[in-house]
Amino acid sequence: MHELSICQALIEQVTAIAHDQSASSVCDIYVSIGPLSGVESHLLQNAFPIAAAGTVAGGATLHLHSSPVRIVCEQCGEESEVAPNRLVCGQCVSWRTRMLSGDELLLERVCLQQDSLRRMN
């Protein structure tokens, strides 16, 4: 299950952000996952508590957002939202397309909690 190693890398990234911002904890983590990313959302959700345990993100909620598969046609220039298994232009049905989104795994946003006592000192 590579989702656990993905979660561990995500926690490392979030921990670095929290440290840079002098945050005491992480409340929410927002991630966008494309259907062609090779990541199973439910497995990522299940692996998250294991990876986050004992870290600054231990009490955080992981929010997953599914991004659509979008392509641009290299023949007619049309941008289309397509099914993951049909990467052809929605306008001219050309197979000469380039993917714009749908294969990504992106950390979109992190909500942090700052310790009020630390800010006063």
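The numbers here are math on the coordinates, done by the rules we state, and not lab data. Being a predicted model, the structure only gives us computed values, none of them experimental. Glycine gets a Cβ as well: all are built from the backbone with ideal geometry, and neighbour counts include every protein chain shown.
Numbers below:
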read-out	value
Of the criteria (1) under 16 Å from the mean Cα position of the chain (by Cα); (2) closer than 25 Å to Ser101 by Cβ; (3) not aromatic (Phe, Trp, Tyr), which one Ser80 fails	(1)
Whichever residue in segment 18-34 is in contact with a strand residue (DSSP E or B) (Cβ under 6 Å, 6 or more places away or on another chain) and surrounded by fewer than 17 Cβ atoms within 10 Å (Cβ to Cβ) and, among such residues, is nearest to Leu107 (Cα to Cα)	Tyr30
Residues of segment 38-75 satisfying the condition of being assigned to a helix (DSSP H, G or I) and more than 12 Å from the chain's Cα centre (by Cα)	His42, Leu43, Asn46, Ala47, Phe48, Pro49, Ile50, Ala51, Ala52
Test for Arg70: is it over 21 Å from Ile6 (Cβ atoms) and charged (D, E, K, R)	yes
Of all residues making up segment 58-74, the number that are surrounded by fewer than 13 Cβ atoms within 10 Å (Cβ to Cβ) and over 27 Å from Gln8 (Cβ atoms)	1
Flag if Ser80 is farther than 22 Å from His2 by Cα and outside any loop (DSSP other than H, G, I, E, B)	yes
